[in-house]
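Below is one structure, written out as structure tokens; comments come after it.
Any read-out appearing in this document is the output of simple, stated calculations on the displayed coordinates, not a laboratory observation. The shown structure was predicted, so the numbers you read here are calculated from the model rather than taken from an experiment. Here the Cβ is made from the backbone with ideal geometry for all residues, glycine too, and neighbour counts use every protein chain on show.
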Amino acid sequence: MRWMDRREPLAEPARPPGPASAAAEHAELMARVAQGDQDAFSALYDAVAGTVFGIAVKVVRDRAQSEEVAQEVMIDVWRQAARYRPDQGSVMAWVATIAHRRAVDRVRSAQAAANREHDVGVRGQERPFDEVSEQVESRLERDQVKRCLRRLTEIQRQAVTLAYYQGLTYREVAETLQTPLPTIKTRMRDGLIRLRDCMGVTT
């Protein structure tokens, strides 16, 4: 009965899933998320949120802003799950790419805001959005802006928030919200008009 002795090592505790099995599990979860499965998204969130936050902190270097970036990334993952292609890389790599891009955008947006404070009037021709955001920054604190944003419709708030707080262009906002560019321009225009009016009321 020596063959039984050879089988004894199999009684050792099972090892945690390796990278390959984890990647396969993530891909399966992503496929379910793409179908709108909220339970799958919750499981995927638990699996990748730590990595997302770590990337954000490394780039942004501010915990509060990094938390905001991490939440934005997970919203992107939920909305863009159907765009994920397994043959182009792992889910973790895909999510990490989104996280890094979001974090870099946040840093660039903050730097651009700081530069505008020193460069007001330098640019000869600016978009209407830039002109309004200049007024917002000079007249209102961030919490006041947020109060005004809450007065916008959900559609207007999404478009304005993506552009104002994250520095996205019209085209990038359209891609993020998966909405035609002309529609985004209309939302931005109407939202900024209402935001401007709100600023006039609260000042």
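The table that follows gives values for the structure above.
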{"read-out": "Chain lengthening between VAL104 and GLN88 when straightened (0.36 nm per residue, less Cα-Cα)", "value": "3.5 nm"}
{"read-out": "Sorted peptide list for 36-48, 71-83, criterion being average Cβ within 10 angstrom, highest first", "value": "71-83, 36-48"}
{"read-out": "Full-stretch length increase - GLN178, THR153 - with 0.36 nm per residue and alpha-carbon distance subtracted", "value": "7.2 nm"}
{"read-out": "Gap separating the Cα centres of segment 53-85 and segment 97-114, nearest whole Å", "value": "11 Å"}
